[in-house]
Amino acid sequence: MSGIRIHVHQLSKQYASLSVLKELELQLHEGEFLAIVGRSGCGKSTFLRLLAGLEEPTDGTMLLDGQQVNGIHPHLRIMFQDARLLPWRTVLQNIKIGGKDQSDKQISESLSLVGLEEKGNQWPSKLSGGQKQRVALARALVGNPKILLLDEPLGALDALTRIEMQQLIERLWLKQKFTSILVTHDVSEAVTLADRIIVFEDGEIAQDIRVDLPRPRVKNSDFAYYERTILDQLMGKTLVHVYSM
Amino acid sequence: MQQSWSVNTMIKKRLLFSFSSLIVWILPILFLIGWQLIGRADTLPTPLQVLEGAKRLYLDGTLLDAIWISTKRAFVGFFIGGSIGFLLGLLNGLSPLSSRLLDTSIQMIRTIPHLALIPLVILWFGVEESGKLFLVALGVAFPIYLNTYHGIRNVDRGLMEMGKVYGLKGISLFRQIILPGALPSILVGIRYALGIMWMSLIVAETIASDSGIGYMATSAREFMQMDIVLLTIILYAFLGKFSDFVATVLERKLLGWHPSFSKLEDS
């Protein structure tokens, strides 16, 4: 199972007079892990929603393996900041939604992949926030998707659970090799996970960096270098602002 | 040692449990005792006299007949009105066009107290069965309509979006996400409607009827049978409590996933 190529050309999105994305150009090859960082309102989440087919672009083209995005691609999955589990379905039944053609054995295997094999018959309301996101991850991956979009899925978790989830996502990505796009405001998370990081500013790509670090990544001086470069870009404008006052 | 200790705590727990379940009954029992002490046959028959009246009516068959007729009326009316309210709620909840067309008019009709229609109902239907069913159905339809409609409109948008990402649409989206999401609200509507059902029926039976519990009350009034009048009031109370019990069981069964309905022991 491999990922999908993504080709975005001249992509624009406008809400009334507000221009959220401006003629975006982006190419990703199969199985690449891209992180998009930026301040709130820079258009990064909108980009994901366009790619997922949840919203229509104002202009431009998006090709997944050469095919124009038209509605929700069957091999695409998206994870949100909230887990969005059905509260009236047990954990296993929730995962089943992501893999209708999968056998019960495959469903429970995907649950043990995220380390929750003993929670299969629980209601989601009995799980912690991190456990819910792990179930959501199992649901997203059980159907062997070719592209996984992550819209700040770890934003609401505590620091330790976040690190665990990052490791889990990395491990499953290395195993299944789907193309992945992570939207986050956490620079360190982006450097931990991504092959390539782009910085969004006002709907445009302000920076595009390839992260050349061996996995699993440790927070050494090389790691800090990438972090510093991206933070400088993100903070740059405000710093100039402060000095000029 | 260990074992006798655990048996001891078990007994203590049992006692504590039976005491806490007894607590509920203290006030009703005191009330009954007080009533028995101050009661007088001509103004306020005692509980025992009411029981005797009940036995008399039971033996000549009128009691069970009346209960059966009233219960049947109540639930047939509930079924008709509930179905109409539920279907309209579904339609308007799912289709914005239909909601634009119908909702304002339904809300306008809703503001009329349905019991105000009694003179009209008597003129239309006389003391026929259909008049009472009409009143019950009318009273029941609105709470169920309203709660179904709002239940569907308030289904979590995030869950709907998730469903679409996973390829759910049409019937399967409705069955897996919309209906279960609206169910807590629909059940609140049903519970509320059950109360209105009995109220409408009592009024309709008291004013225009030749059978049922309400008729039993009016004819007992004419013959000054105070014990029977009190009996009918108690009967209505029991029937109301019974339908509330049914609603609670329904909630427990259907909303087991809901944190506020789930039982403690299954955690």
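The numbers here are math on the coordinates, done by the rules we state, and not lab data. As the structure is a prediction and not an experimental result, all values here were calculated from the model. Cβ atoms come from the backbone with ideal geometry, glycine included; neighbour counts cover every protein chain shown.
Here the protein assembly as shown was treated as a single set of alpha-carbon atoms; its pair distances binned every 20 Å from 0 give 17, 35, 26, 17, 4 percent. Look at A:Asp208, A:Asp202 and count the other Cβ atoms within 10 Å of each Cβ; fewest to most, that gives A:Asp208, A:Asp202.
Between the listed residues B:Leu254, B:Leu173, A:Leu51, the Cα displaced farthest toward the positive end of the dipole of the protein assembly as shown, a dipole computed from Cβ unit charges relative to the Cα centre, is found at B:Leu254.
Annotation: amide H of A:Met79 within the under-5 Å range of A:Leu149, A:Leu150, A:Asp151, sequence separation 5 or more or interchain, hydrogens built in the peptide plane. Partner shielding of B:163-171 amounts to 5, given as the average count of beta-carbon atoms from other chains within 10 Å of each residue beta-carbon. Take the Cβ atoms of B:Ile33 and B:Asp156, set R0 to 45 Å, and the FRET efficiency comes out at 0.30.
Computed 3J(HN,Hα) for the range B:8-17, one whole-Hz value per residue from the Karplus formula 6.51 cos²θ - 1.76 cosθ + 1.60 where θ = phi - 60°, is 4, 5, 5, 5, 4, 4, 4, 4, 4, 5, glycine and proline marked x. The alpha-carbon positions of the range A:83-144 define a convex hull whose volume is 66 Å³ per residue. With N as its number of residues, the range B:46-256 has a Cα radius of gyration that, divided by 2.2 N^0.38 Å, comes to 1.23. Which stretch or stretches of the range B:117-147 have amide N atoms under 20 Å from the point lying 7 Å from B:Ser98's Cα along the Cα→Cβ direction? The answer is B:138, B:140-147, whose backbone nitrogens lie closer than 20 Å to the label point.
Placing a label point 7 Å from the Cα of B:Asp65 along the Cα-to-Cβ direction, the residues of the range B:197-223 with a backbone N closer than 19 Å are B:205-223. Exposed loop positions in chain B were taken to be chymotrypsin sites (Phe, Trp or Tyr not before Pro) whose DSSP state is not H, G, I, E or B and which have at most 15 other beta-carbon atoms within 10 angstrom. Between these positions, the longest stretch is B:1-222.
Using R0 = 51 Å, the C-beta based FRET efficiency linking A:Lys100 and A:Arg196 works out to 0.95.
Under the criterion of Cα pairs below 8 Å and six or more residues apart, the relative contact order for the range A:130-190 equals 45 percent. Filter the trypsin sites (Lys or Arg not before Pro) in the range B:138-179 down to the DSSP loop ones having no more than 14 other Cβ atoms within 10 Å, then list what survives. Qualifying residues, ordered by number: B:Lys169. Phi-derived couplings, Karplus 6.51 cos²θ - 1.76 cosθ + 1.60 at θ = phi - 60°, listed residue by residue for the range A:155-164: x, 9, 9, 6, 4, 5, 4, 4, 4, 4 Hz, with x used for Gly and Pro. Checking every one of the GluC sites (Glu not before Pro) in the range A:97-138 against DSSP loop status and a limit of 10 other Cβ atoms within 10 Å picks out no site at all. Subtracting the Cα-Cα distance of A:Asn144 and A:Gln27 from 0.36 nm times their residue separation leaves 39.9 nm of extension gain. Under 5 Å between amide hydrogens, built in the peptide plane, is the criterion, and for A:Arg196 it picks out A:Phe33, A:Ala35, A:Val211 among residues at least 5 positions away or on other chains.
What the Cβ-Cβ distance of B:Val76 and B:Leu254 gives, at R0 = 25 Å and to the nearest 0.05, is a FRET efficiency of 0.65.
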